[in-house]
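Engineer: Sending over a structure as C-alpha cells; questions will come in a sec.
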Amino acid sequence: MKVELHLEPRAPAGIPAMSALADAQLVLFFLSPEYADAARYVTGLQQRYPQAQLVGCTTGGEIAYHEAHTGTAVSAAIRLERSVLRVSQTAVTGMHGSYEAGRVLASQLNDATLRLVFVLSDGLQVNGSELVRGLTEHLGAKVIVTGGLAGDGPRFAKTGVGVNGPPVSGSIAAVGFYGATLAVSYGSVGGWIKFGPERLITRAAGNVLYALDGKPALDLYKRYLGEEAAKLPGSGLHFPLSIRRTDDMPHDVVRTIIGIDEQARSLIFAGDVPEGYTAQLMRGNLENLVDGAADAALLALKHFSAARTASGTLGILVSCIGRTLVMGQRASDEVQAVKQALGDVSLAGFYSYGEICHHPYTGKCGLHNQTMTITLLSEAA
C-alpha cells in the first residue's frame with residue numbers, strides 16, 4: 001500500500017497538479033467548513049488523482065502529519081497493491097432513518113472478503129448509535145467498522161459528506177476494504193474524568209435526554225455551565241456525559257450534546273441515551289486527554305503486526321471537537337502523542353461530532369464521543 005498526504009492551507013494555494021500516486025484508488029479528504037472554495041478543492045483532487053474515488057466530510061478541525069489544524073483541507077490518497085476497495089453512499093432523512101441507512105450501506109458492501117468498513121456520516125441528521133447498529137447487524141461478525149460524524153466547528157449548524165463532489169447535508173458514505181493481505185487495527189480512548197453524583201436517566205427517547213433523576217436534563221446542564229449556558233450546545237462539549245447500564249461498571253460510553261430543545265427542556269446527543277442507564281458528568285484537562293490519545297495508539301498497535309513504513313501505513317485519526325475546546329492551541333499535543341507512539345505512520349484525520357469504533361473492553365462496535373479513535377490500515381507483505 002502507498003499513501004500520499006496533502007495539507008491545503010486556509011488561503012488556497014492550489015493542489016499540486018502532478019502526483020507520484022496518480023493511480024490511487026481512493027482519496028479521503030477532510031474539509032473545514034471555513035475553507036474558501038470546496039468545489040474548487042474537490043476538482044483539484046479529481047485532476048490530481050483521476051482514477052480515485054473521493055470520499056470526505058466537513059470537520060471541527062483537521063489533522064495532518066503530526067499537527068492539528070483549523071480552516072484547512074487535508075487529503076490522504078491510497079493505492080492498494082494487493083487488495084480492493086468499494087465505495088457506497090446513501091442519504092439519511094433524519095434520526096429515524098439512521099438504522100435503515102446503516103442497513104443499506106452494509107448490504108451494498110458485504111462480502112466474504114470484507115475486512116474493514118470506514119464510515120463518514122452527516123453529523124447532525126443521524127443517530128450514530130442506530131447507524132452503527134444497522135451496519136453491524138448486517139455485516140459479518142469479523143468485519144471491523146470505524147469512522148466518524150462530520151463536524152461544523154463549534155457551530156452545530158450544517159455538516160456534510162461528499163462522494164466525488166463537495167460535502168452535502170444528509171449524506172453518509174462508507175468505504176469497504178477487501179482482501180486477506182489487509183492489515184487492520186483500531187484503538188479508541190477518552191481520558192475524561194467523572195465528577196459529581198451519579199444520576200439515573202429517568203426519561204429518554206433514542207438520542208434525546210429529557211430527565212435525570214426526574215428533573216429536566218437541560219436545567220442540570222445550565223446549572224453547571226453558569227454564564228456559558230447561553231452558548232449551548234457548543235459549551236456543553238466541556239461537560240460530556242458518561243452513561244452505562246447500572247449492572248455494567250467497566251463498559252461505559254461517552255455522549256456529547258449536539259443540540260438542545262428549550263421548550264422540552266431536553267438535550268439531543270449524537271447517540272442513544274437509554275432510560276434506566278446511570279449517567280455522570282465528565283470534565284477533562286490537557287494532560288489526561290493527551291494520555292488518552294497515546295493509549296488509543298498503543299491499543300491500535302497491539303494487534304497490528306504488519307511491517308510499517310512511512311509510505312505504507314495510514315493512521316486515520318478521528319478525534320472529538322470537544323477535546324479541541326479543552327486543549328485549545330495545544331490540540332496538536334494529542335496528535336504528537338499518537339505520532340510518537342505509532343512511529344513511521346502517515347497520519348490524517350479530523351475532529352468530529354462522534355467517533356465510530358469497537359469498544360476496547362467488549363470489542364462491540366458503537367458510537368463514542370470525546371475519544372481519540374485511530375484506524376490503522378496497511379497491506380501485509
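Engineer: Below 8 Å, C-alpha to C-alpha, sequence gap of six or more: please give me the relative contact order for the range 207-293 in percent. Please list the in-between numbers first.
Structural biologist: Working: 133 pairs, mean separation 29.4, N = 87.
Rounded, it is 34 percent for the range 207-293.
Engineer: Let me ask something additional. Can you tell me, using C-alpha contacts under 8 Å and at least 6 residues apart, the relative contact order of the chain as a whole percent?
Structural biologist: Dividing the mean separation by the residue count of the chain yields 21 percent.
Engineer: Please give the Cα centre distance for the range 185-223 versus the range 159-175, rounded to the nearest Å.
Structural biologist: A separation of 30 Å, based on Cα centres.
Engineer: Which lysines does Lys158 reach when only Cα atoms under 29 Å apart count, and residues fewer than 8 places away in its own chain are ignored?
Structural biologist: List returned: Lys222, Lys231.
Engineer: Would you calculate, for the chain, the mean residue ellipticity at 222 nm contributed by helices, counting each DSSP H stretch of 4 or more residues as -39,500 (n - 2.57) and dividing by all residues, to the nearest 500?
Structural biologist: Counting only the DSSP helices, I get -6000 deg cm²/dmol.
Engineer: Over all alpha-carbon pairs of the chain, lay out the pair-distance distribution in 20 Å bins, whole %, shortest bin first.
Structural biologist: Distribution as computed: 32, 60, 9, 0 percent.
Engineer: Tell me which GluC sites (Glu not before Pro) from the range 167-231 have a DSSP coil assignment and no more than 15 other beta carbons within 10 Å of their own.
Structural biologist: Counting only loop positions with at most 15 other Cβ atoms within 10 Å, the GluC sites (Glu not before Pro) in the range 167-231 are Glu198.
Engineer: Specify whether the C-alpha gyration tensor of the range 63-112 places it in the rounded, prolate or oblate class, a ≥ b ≥ c being the square roots of the eigenvalues: rounded for a/c under 1.5, otherwise prolate if a/b is larger than b/c and oblate if not.
Structural biologist: Because a/c hits 1.5 or more and a/b fails to exceed b/c, the range 63-112 counts as oblate.
Engineer: Another question, then. Under 10 Å, Cα contacts only: if you run a Gaussian network model on the chain, which one of Tyr221, Tyr361, Tyr35 comes out with the highest mean-square fluctuation?
Structural biologist: Between Tyr221, Tyr361, Tyr35, it is Tyr361 that shows the largest mean-square fluctuation.
Engineer: Would you work out which of Ser332, Thr246, Gly284 lies farthest towards the positive end of the dipole of the chain, given +1 charges on the beta-carbon of Lys and Arg and -1 on that of Asp and Glu, about the Cα centre?
Structural biologist: Of the candidates, Thr246 comes out farthest on the positive side.
Engineer: At q = 0.09, 0.10, 0.19, 0.20 Å⁻¹, work out log10 I(q)/I(0) for the range 1-158 with the Debye formula, treating every Cα as an identical point scatterer and leaving solvent out; two decimals please.
Structural biologist: -0.32, -0.39, -1.26, -1.32
Engineer: Something else now. What's the Cα-based Rg to Rh of the range 251-337, Rh via Kirkwood?
Structural biologist: 1.06
Engineer: A further question on this structure: List the equivalent ellipsoid semi-axes of the range 115-223 in whole Å, largest first, each obtained as the square root of 5λ for an eigenvalue λ of the Cα gyration tensor.
Structural biologist: Rounded to whole Å, the semi-axes are 32, 19, 14.
Engineer: Next question, about the same structure. Would you kindly compute the Cα radius of gyration of the range 194-283 and its largest Cα-Cα separation (Dmax), both in Å?
Structural biologist: Reported Rg and Dmax, both Å: 11.8, 36.
Engineer: Oh, and also: What pairs in Lys302/Lys364; Lys142/Lys194; Lys215/Lys364; Lys339/Lys364 have C-alpha atoms more than 21 Å from each other? If you can, show how the numbers build up before the last one.
Structural biologist: Working: Lys302/Lys364 17 Å; Lys142/Lys194 33 Å; Lys215/Lys364 32 Å; Lys339/Lys364 26 Å.
Long pairs (Cα-Cα over 21 Å): Lys142/Lys194; Lys215/Lys364; Lys339/Lys364.
Engineer: Still on this structure: So which helices of the chain fit the span-like rule, where a helix is a whole DSSP H run, its Cα atoms reach 20 Å or more along the axis, and its mean Kyte-Doolittle is at least 0.5?
Structural biologist: Details: long enough: 286-302 (24 Å, 0.82).
Span-like helices, by this rule, are 286-302.
Just so you know, all these numbers are worked out from the coordinates, no wet-lab data involved. All figures in this text were calculated on a predicted structure; none of them were measured in a lab. Neighbour counts run over all protein chains shown; Cβ positions are idealised from the backbone, glycine included.
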